[in-house]
1. Looking at (1) open to solvent by less than 40 Å² (accessible area, probe 1.4 Å); (2) farther than 14 Å from Gln80 by Cβ; (3) touching a Lys or Arg at 6+ places or on another chain (Cβ under 7 Å); (4) modelled with pLDDT of 95 or more, can you tell me which one Glu45 breaks?
2. In the range 76-115, how many are of a type outside the set (Phe, Trp, Tyr) and open to solvent by 40 Å² or more (accessible area, probe 1.4 Å)?
3. In the range 79-104, which residues are in a loop (DSSP other than H, G, I, E, B) and in contact (Cβ under 8 Å) with a residue 60 or more places away in the chain?
4. When you look at Asp60, is it without any contact (Cβ under 8 Å) to a residue 24 or more places away in the chain and of a type in the set (Asp, Glu), yes or no?
5. So Asp74 fits all but one of (1) at pLDDT 95 or above; (2) of a type in the set (D, E, K, R); (3) assigned to a loop (DSSP other than H, G, I, E, B); (4) within 20 Å of Val2 (Cβ to Cβ); what number is the exception?
6. Mind checking which pairs have a first residue in the range 6-29 that is without any contact (Cβ under 8 Å) to a residue 60 or more places away in the chain and a second that is polar (S, T, N, Q), Cβ under 6 Å, 6 or more apart or different chains?
Amino acid sequence: QVQLVESGGGLVQAGGSLRLSCVASVRISSYAMGWFRQAPGKEREEVASITANGKTNYEDSVKGRFTISRDSADNTVYLQMNSLKPEDTAVYYCATRLSPFEIWKYWGQGTQVTVSS
């Protein structure tokens, strides 16, 4: 059973920073990990991802502001979010898949990020 537990969300003013954490029950260095978000009334979107080989990818609106990283020793994936904007407000989810041919199959419970103007 794959389990993912996010933490680190909260309320921050525009221009501020937050770091989200996702602790996984699997060896994260062996699998792709992703961060997603869903704002009220909108579809869930991929924010950032990191492959097993360490290649990262970012959604255009967060490039240069967000950084995904991982600590394999702790099986933890991070999302460092800087220069936050009100439009970044959403529930943020961590996800993984055990094969590059799978959909994002395993999800955490989500953590709320609210950015005030």
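1. With respect to (1) open to solvent by less than 40 Å² (accessible area, probe 1.4 Å); (2) farther than 14 Å from Gln80 by Cβ; (3) touching a Lys or Arg at 6+ places or on another chain (Cβ under 7 Å); (4) modelled with pLDDT of 95 or more, Glu45 is out only on (1).
2. 15
3. Step one: list which residues in the range 79-104 are in a loop (DSSP other than H, G, I, E, B), which gives 82-85, 89, 98-104.
Correct list: Asn82, Ser83, Leu84, Lys85, Leu98, Pro100, Trp104.
4. Values: without any contact (Cβ under 8 Å) to a residue 24 or more places away in the chain: yes; of a type in the set (Asp, Glu): yes.
So Asp60 fits the description; yes.
5. (1)
6. Hits for this filter: Ser21/Ser7; Ser21/Thr76; Val23/Thr76; Ser25/Gln3; Ser29/Ser72.
The values are calculated or read from the model by the stated rules, or taken from the named source; none is laboratory data. Computed from a predicted structure; not experimentally measured. When we count neighbours, we look across all protein chains shown, and the Cβ atoms used for this are built from the backbone with ideal geometry, even at glycine. Ligands, DNA and RNA are excluded from the accessible area calculation, which covers all protein heavy atoms including side chains. Shrake-Rupley method; radii C 1.70, N 1.55, O 1.52, S 1.80 Å.
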